[in-house]
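K.L.:
Below is a structure I'd like to ask you about.
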Amino acid sequence: MNAAIDPAILQEAAGWLVRLQSETLSVADRAAFDRWRARSAAHEAAWQRVEAMLRGFGQVPPRLGGQALRQADRAARRQALRALAGLLVLGPAAWMGARELPWREWRADLRTATGEQRRVALADGTELVLNTGSAVDVDYSPTQRVLWLRGGEILLTTGRDPAPVHRPFVVQTAQGSLRALGTRFLVREEGGRVRVAVFDGAVQVQPARTDSGLVLAAGEQTVFTAREAAAPVAADGAAASWVDGMLAARNWRLADLVDELARYRRGVLRCDPAVAGLRVSGAFPLNDIDASLRLLEKTLPVRVSRMTPLWTTVGPRAAVTN
């Protein structure tokens with residue numbers, strides 16, 4: 001049974017996990033950890049949940065990839081702690097579905113935390129914008145320009161390469177590669193598939209496990225897996241609105257909007273199935289998710305309830321009785 005544990009204690013447990021994996025603790029520190037664990041049954045239960053989570057991540061190297069943690073900078077470790085705390089609150093079912101935790105992202109060349117966005121000018125003049133919870137490795141050589149999307153979402157505007165010899169510009173993902181043909185385009189990793197939308201120029205899409213690819217022209221988008229790419233459809237012109245700090249929704253299901261807003265917020269943000277099918281249109285600020293939730297309450301028959309600071313639900317508004 002997944003008994004409820006105070007999220008504050010789970011947050012402390014996540015902090016101890018990161019410290020134990022990434023720092024050389026003194027004897028006094030170890031004693032402090034033992035005292036914390038013995039403080040109450042809830043503290044012990046929180047640590048037991050940590051250990052259960054680690055067992056669930058069987059493919060993670062021993063000591064939770066400790067070498068990577070020791071080399072990670074403070075921002076990356078804060079991101080890790082937030083991710084761990086969120087998983088501890090969610091419980092075992094979420095751990096098994098979250099095997100793409102930021103273990104591999106901690107050492108990425110460029111990364112963003114939850115709710116953070118980052119704009120970077122690359123050496124060839126390419127502009128790269130990383131959305132929330134994203135990670136990219138940059139691999140430029142005399143013969144090629146490769147960006148490895150390790151997770152999340154990016155918007156690229158390729159520059160005019162100053163190198164004397166032409167170097168193709170490629171975005172590599174686990175599902176395949178994207179070759180830019182002088183362009184502005186968006187790439188989003190969605191679990192076992194990748195979404196790409198082209199706003200200027202063209203992009204050649206090549207799934208990893210087939211010889212059949214396609215070329216997307218400006219105004220087109222597709223999703224692809226390692227085995228196939230879907231037929232192109234019209235690109236959503238508002239798909240990159242996040243670059244300006246807004247989420248533009250046009251006749252979206254409320255459940256889809258809440259899922260998208262959840263990417264920018266710590267903890268759990270969920271939609272009650274009773275209101276999941278409500279349709280929503282509007283522009284929602286991404287730098288203030290609480291303001292976006294208040295806007296939903298004003299425009300739809302919904303109520304935002306908070307069980308804890310880390311658990312928020314958008315549900316039906318209670319009926320008024322006389």
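K.L.:
Scan the range 238-291 for residues that are in a helix (DSSP H, G or I), more than 15 Å from Gly133 (Cβ to Cβ) and without any contact (Cβ under 8 Å) to a residue 24 or more places away in the chain and report the count.
P.N.:
6
K.L.:
Condition first: closer than 12 Å to Leu254 by Cα and either at pLDDT 95 or above or buried (at least 16 other Cβ atoms within 10 Å of the Cβ) (or both). Can you find one or more residues in the range 304-311 that meet it?
P.N.:
Scanning the range 304-311, I find no residue that is closer than 12 Å to Leu254 by Cα and either at pLDDT 95 or above or buried (at least 16 other Cβ atoms within 10 Å of the Cβ) (or both), so the answer is no.
K.L.:
Among the residues that make up the range 255-276, is at least one of them more than 30 Å from Ser177 (Cβ to Cβ), acidic (Asp, Glu) and in contact with a Ser or Thr (Cβ under 7 Å, 6 or more places away or on another chain)?
P.N.:
yes
K.L.:
Assuming Gly267 fulfils every condition listed in (1) at negative phi; (2) among the small types (Gly, Ala, Ser); (3) within 23 Å of the chain's Cα centre (by Cα) apart from one, which condition is it?
P.N.:
(1)
K.L.:
What pairs come up if the first residue lies in the range 118-131 and is crowded, with 19+ Cβ neighbours inside 10 Å, the second is among the acidic types (Asp, Glu), and their beta carbons are under 7 Å apart, counting only those six or more places apart or on different chains?
P.N.:
Listed pairs, sorted by first residue: Asn131/Glu153.
K.L.:
Going through the range 190-223 one residue at a time, which ones are of a type in the set (Val, Ile, Thr) and not in a strand (DSSP E or B)?
P.N.:
Thr210
K.L.:
Scanning for something of a type outside the set (Asp, Glu) and under 21 Å from Ala113 (Cα atoms), does the range 196-213 turn up at least one residue?
P.N.:
no
K.L.:
Let me ask something else about it. From the list Val138, Val196, exactly one residue is modelled with pLDDT under 95 and of a type in the set (A, V, I, L, M). Which is it?
P.N.:
Within the list Val138, Val196, the selection yields Val138.
K.L.:
Another question, then. When the range 218-227 is examined, which residues are found to be farther than 24 Å from Asn251 by Cα and loosely packed, with under 15 Cβ neighbours inside 10 Å?
P.N.:
Matches in the range 218-227: Arg227 only.
K.L.:
Can you name every residue in the range 126-151 that is aromatic (Phe, Trp, Tyr) and touching an Asp or Glu at 6+ places or on another chain (Cβ under 6 Å)?
P.N.:
Within the range 126-151, Trp148 is the sole residue that qualifies.
The values are calculated or read from the model by the stated rules, or taken from the named source; none is laboratory data. The model shown is predicted, which means the values in this text are computed figures rather than measured ones. FYI the Cβ positions are ideal-geometry reconstructions off the backbone, even for glycines, and counts take in every protein chain you see.
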